[in-house]
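> Sending over a structure as structure tokens; questions will come in a sec.
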Amino acid sequence: NPESALDILEALKSCPEIPSLSISLAKMQLTASCLNALLIQDDWAWFFGDTSEYVSVFVECSENIYNMAHPNQLEDSRLTACSSLVAMLPSFNIRKLRGKMTPILQYGVINCLNAAILLLQDEDVDVRNAATLFASQLKRSSLLPQNCDISSSLGLEAVILFALDELTEVIEMFVPISSILNAPSTISSNATSSSGKKHQLFKRGDGINVYEEPVFMLYTYDHVIRMYCEKVGQLDLIVDYKSVLAKADEVISSYEEHKEQALYKPSYFDLTEYEKLTRLSVLLKLLPQENLCKQPPSEEIQQQLIIVHQKISAFMHDY
């Protein structure tokens with residue numbers, strides 16, 4: 001009922017802030033349900049015009065869901081993030097997002113899907129199952145099995161394909177895209193950067209997700225993006241090929257300069273550095289993909305990408 005939803009949102013706006021996690025979680029889930037009630041209406045655009053206060057409410061709610069989905073939050077918080085995503089499912093499935101929603105609203109949806117990506121990798125099986133329920137009920141790409149429940153792995157693919165198809169205007173903010181495109185900014189070209197660090201098999205500290213497999217996730221992102229570009233359509237990503245190649249050349253030069261000192265073979269395996277190299281390797285291999293970039297690479301750039309990718313791959317093998 002949209003009238004009831006409006007009344008509840010108005011009441012929530014006037015509620016005093018109480019330092020209670022359980023109340024904050026309940027407000028988040030209730031807000032998600034109310035926003036969904038507005039978005040599924042035929043005149044939904046009236047509620048979410050450029051000057052509407054409900055746009056900021058939607059974005060704030062999506063940011064809260066994303067924040068609560070992180071592994072450093074309590075299990076109850078992550079489960080409530082899953083429940084809030086499920087509450088918004090009808091609007092995601094009914095509404096045509098591409099070309100219909102404003103970029104700021106699409107940003108809110110991207111926050112929700114980024115939260116789903118995190119929750120599908122959660123170390124707690126109950127949280128993963130709740131996130132998989134969301135993914136299995138999300139409007140499904142024709143590239144995936146239809147009319148059946150899906151696993152967490154296929155659920156991850158379902159979320160990625162949904163975003164690639166519906167949210168092209170803000171797709172650079174989507175974690176599977178940004179984690180690959182931003183590879184050059186995450187890696188150091190200094191070969192000695194890891195030589196003085198203490199290397200451990202496992203990370204330690206609060207909020208560490210021991211279930212997460214970041215390298216496997218990067219290869220999954222690569223696989224789904226390729227599948228979409230080959231069988232569905234254009235992504236129109238904007239990439240500076242020269243800066244990517246320049247960073248790759250820096251990494252290669254640094255390795256070749258220091259490899260005789262065995263600085264890249266610490267006593268324990270440094271997975272973080274390996275993950276960064278994997279990001280760069282995946283990016284180099286992905287960029288020549290047809291339908292990926294708004295401005296496809298020239299034949300000369302393609303050849304350079306292939307050459308530096310081969311060198312980075314050899315570097316990773318030695319690592």
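The values are calculated or read from the model by the stated rules, or taken from the named source; none is laboratory data. Because the structure is a prediction, the values reported are computed rather than measured. Methodologically, a virtual Cβ is constructed for each residue, glycine included, from the backbone with ideal geometry; neighbour enumeration extends over all protein chains shown. Ligands, DNA and RNA are excluded from the accessible area calculation, which covers all protein heavy atoms including side chains. Shrake-Rupley method; radii C 1.70, N 1.55, O 1.52, S 1.80 Å.
> Tell me, yes or no, whether the stretch 56-63 has at least one residue that is farther than 20 Å from Leu89 by Cα and at pLDDT below 95.
Our first condition is that a residue be farther than 20 Å from Leu89 by Cα; within the stretch 56-63, this holds for none.
There is no residue in the stretch 56-63 that is farther than 20 Å from Leu89 by Cα and at pLDDT below 95.
One line per residue, one yes/no per condition, for (1) part of a helix (DSSP H, G or I); (2) more than 21 Å from the chain's Cα centre (by Cα); (3) surrounded by 16 or more Cβ atoms within 10 Å (Cβ to Cβ):
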position: Leu12; (1), (2), (3): yes, yes, no
position: Ile18; (1), (2), (3): no, yes, no
position: Ala26; (1), (2), (3): yes, yes, no
position: Trp46; (1), (2), (3): yes, yes, no
position: Glu60; (1), (2), (3): yes, no, no
position: Ser77; (1), (2), (3): yes, no, yes
position: Asn93; (1), (2), (3): yes, no, no
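> For Thr31, all conditions in the list (1) at pLDDT 95 or above; (2) crowded, with 18+ Cβ neighbours inside 10 Å; (3) under 19 Å from Ala135 (Cα atoms) hold save one; what is the number of the exception?
Of the numbered conditions (1) at pLDDT 95 or above; (2) crowded, with 18+ Cβ neighbours inside 10 Å; (3) under 19 Å from Ala135 (Cα atoms), the odd one out for Thr31 is (3).
> Further question on the same structure: Looking at (1) under 23 Å from Phe134 (Cα atoms); (2) of a type outside the set (A, V, I, L, M); (3) in contact with a Ser or Thr (Cβ under 7 Å, 6 or more places away or on another chain), which is the one condition that is false for Asp50?
The number of the failed condition is (1).
> Cβ-Cβ below 8 Å, separation at least six or inter-chain, first residue in the stretch 111-139 and acidic (Asp, Glu), second surrounded by 24 or more Cβ atoms within 10 Å (Cβ to Cβ): which pairs?
Matching pairs, first to second residue: Asp122/Arg78; Asp122/Ala131; Asp124/Arg78.
> For the stretch 100-158, which residues satisfy the criterion of being among the hydroxyl-bearing types (Ser, Thr, Tyr) and either open to solvent by less than 30 Å² (accessible area, probe 1.4 Å) or part of a helix (DSSP H, G or I) (or both)?
Tyr107, Thr132, Ser136, Ser141, Ser152, Ser153
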